[in-house]
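Notes follow the structure.
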Amino acid sequence: MEKNDEPKLIKWTGEAGIEEAAAAREELLDAFNNANEVQLDISSVDDIDVSAIQIIIASFLEADKNGKRFSIIGEIPDVIEKFCKSCGVSLSEFNSKKKKEVKNA
């Protein structure tokens, strides 16, 4: 199967937690199997837990290991960014918008 050169967009909404983790993981794995670039939009996520953060980080590492691209697009809600920072993680490093802002600064 030939991989699609168009980015595959995945949008999470509502809660991103342990209850949604298995489905979220499968959706991302499927995206990586069918595209060379995967973009994750979490701008409509109201609540997140450590399992979803782990999936995001694992997606970034998997993409890097396999020569693919993974990024978060759109705004990261403040409540999500604050929770991630309390866990010692900044999702901004995976945010394509923030990367562009840093490069242009």
*Among I80, I76, I72, which is without any contact (Cβ under 8 Å) to a residue 40 or more places away in the chain and in a helix (DSSP H, G or I)?*
I80
*Could you please find all residues in the stretch 21-40 being within 14 Å of the chain's Cα centre (by Cα) and crowded, with 16+ Cβ neighbours inside 10 Å?*
A21, A24, R25, E27, L28, A31, F32, E37, V38, Q39, L40
_the stretch 75-105, residues that are in contact with a strand residue (DSSP E or B) (Cβ under 9 Å, 6 or more places away or on another chain), of a type in the set (G, A, S) and at pLDDT 90 or above_ = none
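The values are calculated or read from the model by the stated rules, or taken from the named source; none is laboratory data. Note that the coordinates shown come from a computational prediction; the quantities given were computed from them, not determined experimentally. Here Cβ is always computed from backbone atoms with ideal geometry, including for glycine, and neighbour counts include all displayed protein chains.
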